Amino acid sequence: MIFLFTDFGAADIYVGQLKIALHQRAPKVPVVDLLHDAPAFNVKAGAHLLTALAAQIPEGGVTLAVVDPGVGGPRDAVAVNADGRWYVGPDNGLISVAAARGSNVEVFSIGWRPDELSASFHGRDLFAPVAGMIASGGRRAAKLKRKAQLAVRFGAEDLAEVIYVDHFGNLVTWLRAGAVPKERAFVVSGRRISYAKVYSQVAAGEAFWYENSLGLVEIAANSASAQQKLGLAPGSRLG
């Protein structure tokens with residue numbers, strides 16, 4: 001299966017073009033949309049969010065990952081195999097957290113190029129065809145050349161930082177909740193944010209933190225937007 005992770009926006013024209021390119025190379029391979037509203041231009045937040053979502057991808061899956069504000073520049077195009085899961089995208093740090101958390105990792109530079117390569121849409125013209133090649137068993141055609149390591153690496157460490165804001169205004173962080181004591185309170189925008197297991201344990205409008213379905217610390221508010229209450233965005237740090 002092929003999994004799509006981008007900052008293209010689900011309402012724009014770009015995702016459809018990706019899927020056409022994938023269909024041309026891998027017409028029988030199912031395609032799953034992981035996320036198309038990754039924080040725009042924010043490669044670091046995207047790298048951590050991608051890793052959190054990719055934990056549920058089965059072995060053998062191919063993730064096409066594109067958050068690429070440097071498209072057309074000197075950054076390399078890479079394919080990474082981390083514990084049996086493939087990632088295809090720019091060598092700008094986006095795949096680096098998944099690679100850092102893997103125990104068996106191979107990194108490759110992509111040698112294949114199309115006859116026509118748009119300067120501004122490598123997701124469609126380069127990464128999607130290569131993801132299709134790998135998913136359909138045509139890895140050799142992608143002309144992968146092993147490289148020692150990724151050029152940009154963010155590391156595997158937990159971060160007390162917001163990596164995503166959903167449409168409810170909930171704030172997802174890159175802290176694994178299992179490593180955070182329930183007695184811990186975070187100081188955010190001058191407010192003390194304590195733990196609650198579920199929304200109904202706090203008063204309407206009250207902000208709290210809990211362990212979300214990905215196993216990460218998430219700050220939410222009961223029937224309200226934690227983002228609006230606290231004024232945070234991807235990249236904001238917790239105290």
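Laboratory data are not the source of any read-out in this text; all were calculated from the coordinates shown. Quantities reported herein were computed from a predicted structural model and do not represent experimental measurements.
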From the C-alpha gyration tensor of the range 2-146, pull out the three semi-axes of the equivalent ellipsoid (sqrt of 5λ each), sorted largest to smallest, in whole Å. 18, 18, 16
Length released on extending from A148 to K182, taking residue separation times 0.36 nm less the Cα-Cα span: 8.2 nm
Helix-only estimate, please: 222 nm mean residue ellipticity of the chain, summing -39500 (n - 2.57) across DSSP H runs of length 4 or more and dividing by its residues, to the nearest 500. -5000 deg cm²/dmol
Per-bin percent of Cα-Cα distances, the range 125-234 [5 Å]: 2, 11, 18, 17, 11, 7, 8, 8, 8, 7, 3, 0
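Given Cα pairs under 8 Å that are at least 6 residues apart, what percent is the relative contact order of the chain?
It rounds to 17 percent for the chain.
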Using 0.36 nm per residue, how much length does the chain from E157 to A11 gain when fully extended, once their Cα-Cα distance is taken away? 49.2 nm
For the chain, give the share of DSSP beta bridges that are antiparallel, in percent and rounded to the nearest 5; count only bridges with both residues there. 70
For the range 159-230 the mean separation of alpha carbon contacts under 8 Å (6+ apart) over residue count, i.e. relative contact order in percent, is 34
